[in-house]
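Visitor: Dropping the structure in here first, questions after.
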Amino acid sequence: MAKSKTMTVTIEFELGQRQNRWRRIDAAYQAAVKAAVGAAKAELLDGSVSTVRSRLTHGYRVAGLFTQYPDVDAEAAPEPPVE
């Protein structure tokens, strides 16, 4: 029995202090999903996308309670350990 493969794409928008109403948030979400689906179908082999599921979550964070990481070049050679 063949196993299906799943590709997951996560996009997070930090909205800041502006008061965006639900209609605008939903419109931005729909536009992001539409763009992601179009890009995936353009890049993947014809007929390889069988199902698309999307989910919108909305939450609040206290400023400063997260960690940002600098851009990392995934193809760069690893640095030798420091002795």
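Computed from the coordinates by the stated procedures, all read-outs in this text should not be read as laboratory data. Note that this is a predicted model, so its numbers are computed, not measured. Note: ideal-geometry Cβ built from the backbone for every residue, glycine included; neighbour counts use all protein chains shown.
Visitor: Convert each backbone phi in segment 14-23 into a coupling constant with the Karplus relation 6.51 cos²θ - 1.76 cosθ + 1.60 (shift: θ = phi - 60°), then list the ³J(HN,Hα) values in order as whole Hz, x for Gly and Pro.
Guide: 8, 8, x, 8, 5, 8, 7, 7, 4, 4
Visitor: Same structure again: If I model a spin label as a point 7 Å beyond the Cα along the Cα-Cβ vector, how far apart are those points for residue 4 and residue 62 in nm?
Guide: Modelled inter-label distance: 4.1 nm.
Visitor: For residue 27, what is the net charge nearby, where nearby means another residue's Cβ is under 15 Å from its Cβ and Lys, Arg count +1, Asp, Glu -1?
Guide: +4
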